[in-house]
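For reference, the structure is listed below as structure tokens.
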Amino acid sequence: MLQYYMILSIESSCDDSSIAITQIETKKLLFHKKISQDKEHSNYGGVVPELAARLHAEALPKILEETKRYLPDLKAIAVTNEPGLSVTLVEGIMMAKALSITLNLPIITVNHLVGHIYSLFIQKEALFPQTILLVSGGHTQIIQANGYEQFKTIASTMDDSFGESFDKVAKMLGLGYPGGPIVEEYAKKGDEDRFGFTTPLYNSPLIAFSYSGLKNQVRLQIAKIENLNDQDRYDICATFQKTATAHLLHKLKKVFKQQNIKNFAIVGGASANLYLRAKIQKLCDEFGTTLHLAELKFCSDNAAMIGRYAIEAYKQQKFTALDEISSSPKSSLDN
Ligand code: KG4
Ligand code: ZN
């Protein structure tokens, strides 16, 4: 009988505790579980790092229990080590180190942003070159991905990220956390033309993003309305989502005009936004570009994408010695 080997991957860079088991030869995802902390952070309107770390310390061992039967067939442990919240990254790293020592396995450290890129290839062959829009709670970037470890950042945000701006608008409106899905739902019932929010950096030739000004426009608009009712909230969400997306589209169009892009992808938690997906699909149609998307369940943080990248690193035998593993809240993709 053919013997198959596997990688166990761990993700704890923010508020999702997740572990996956991926078969190395077939790239098949054999096990994947994630415990999200949305409810716990909702009252605070954002992630509280120390609370997140404590919840990871509870959730990760629980998920690990369910992977017991795969442990004898593991060849490596993969773990997200950057970027993310230092105190939560450490939880995953500690578990990876303990497993590495107990099972005598090498460790593969994974950059979370690269993980999001590989969410496109879960149970699929990798496809390069691709131009990729990464929209998450921590990042808004356009990345040129040419192959394994060949990434170049074309544009990034100067302040807040796309997903973060949804979280902040939701917080201002008292709608809970994470804001993205709630604001998208509210926007469906709203009039996106009611308020005249201006598109950030519209007259700037820069290919860059900025969301803090738009957040302030929303703040001022909320302050102007006496006794905010639900329809006001719907309309604010709709106008905000329209402007936030128009900003992305405006800068993306410049990139599409400059380069002949055959394959384009959107990844990261906010790539689950269907309004954004539809607008980008239209842009791709206009330029004859194929749009690639990860399955909805793999858009937000998960260990399956970490495991998928780890297969490629394993093939290159790219391991990190235990005493050289470090975590970092920030990181660059460029090499
Ligand atoms: O990738 P992710 O799970 O975590 C980070 O790496 O940051 O992304 C989470 C972010 C949050 O800011 C969340 O509000 C946003 O993605 N998000 C959305 C949607 N779903 C999640 N933003 C806009 N529309 C959505 N439907
Ligand atoms: Zn993420």
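Key figures for this structure:
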| quantity | calculated |
| --- | --- |
| Residue list for the range 321-335, filter: among the hydrophobic types (A, V, I, L, M, F, W, C) and more than 16 Å from Lys97 (Cβ to Cβ) | Leu333 |
| Subset of the range 198-234 (residues that are in a loop (DSSP other than H, G, I, E, B) and within 16 Å of ligand 1 (Cβ to nearest atom)) | Tyr211 |
| Residue match in the range 129-142 (condition: hydroxyl-bearing (Ser, Thr, Tyr) and within 13 Å of ligand 1 (Cβ to nearest atom)) | yes |
| Filter result for the condition that a residue is modelled with pLDDT of 95 or more, within 16 Å of ligand 2 (Cβ to nearest atom) and buried (at least 16 other Cβ atoms within 10 Å of the Cβ), over Leu113, Leu64 | Leu113 |
| Total residues in the range 121-162, condition open to solvent by 10 Å² or more (accessible area, probe 1.4 Å), within 30 Å of Phe240 (Cα to Cα) and not polar (S, T, N, Q) | 8 |
| Any hit, the range 256-273, residues being part of a loop (DSSP other than H, G, I, E, B), away from ligand 1 (no atom under 16 Å from the Cβ) and open to solvent by less than 30 Å² (accessible area, probe 1.4 Å) | yes |
| From the options Ala270, Ala310, Ala321, residue that is touching a strand residue (DSSP E or B) at 6+ places or on another chain (Cβ under 7 Å), more than 20 Å from Phe166 (Cβ to Cβ) and of a type in the set (A, V, I, L, M) | Ala310 |
| Which listed residue is touching a Ser or Thr at 6+ places or on another chain (Cβ under 8 Å) and closer than 18 Å to Thr67 by Cβ, from Ile122, Ile108 | Ile108 |
| Number of the exception - Ser156 against (1) in contact with a helix residue (DSSP H, G or I) (Cβ under 8 Å, 6 or more places away or on another chain); (2) within 16 Å of ligand 2 (Cβ to nearest atom); (3) part of a strand (DSSP E or B); (4) not aliphatic (A, V, I, L, M) | (1) |
| One residue from Ile108, Ile93 being open to solvent by less than 20 Å² (accessible area, probe 1.4 Å), over 13 Å from the mean Cα position of the chain (by Cα), closer than 21 Å to Ile35 by Cα and away from ligand 1 (no atom under 13 Å from the Cβ) | Ile93 |
| Residue under evaluation Phe166, criteria (1) open to solvent by less than 30 Å² (accessible area, probe 1.4 Å); (2) among the aromatic types (Phe, Trp, Tyr); (3) outside any helix (DSSP H, G or I), criterion not met | (3) |
| Filter result for Asn81 (open to solvent by 10 Å² or more (accessible area, probe 1.4 Å), within 16 Å of ligand 2 (Cβ to nearest atom) and under 21 Å from Thr22 (Cβ atoms)) | yes |
| Sole exception among (1) of a type outside the set (Lys, Arg); (2) out of contact with any helix residue (DSSP H, G or I) (no Cβ under 9 Å at 6 or more places or on another chain); (3) over 21 Å from Ala310 (Cβ atoms) for Asp193, by number | (2) |
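One line per residue, one yes/no per condition, for (1) within 30 Å of Leu30 (Cα to Cα); (2) open to solvent by 10 Å² or more (accessible area, probe 1.4 Å); (3) β-branched (Val, Ile, Thr):
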{"position": "Asn227", "(1), (2), (3)": "no, yes, no"}
{"position": "Tyr234", "(1), (2), (3)": "no, yes, no"}
{"position": "Gln281", "(1), (2), (3)": "no, yes, no"}
{"position": "Glu295", "(1), (2), (3)": "yes, yes, no"}
{"position": "Cys299", "(1), (2), (3)": "yes, no, no"}
{"position": "Asn302", "(1), (2), (3)": "yes, no, no"}
{"position": "Ser332", "(1), (2), (3)": "no, yes, no"}
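The values are calculated or read from the model by the stated rules, or taken from the named source; none is laboratory data. Note that this is a predicted model, so its numbers are computed, not measured. Cβ sites come from the backbone with ideal geometry, for glycine too, and all protein chains shown count toward neighbours. Quick note on the areas: whole protein, heavy atoms, side chains included, nothing else; ligands and nucleic acids left out. Shrake-Rupley method; radii C 1.70, N 1.55, O 1.52, S 1.80 Å.
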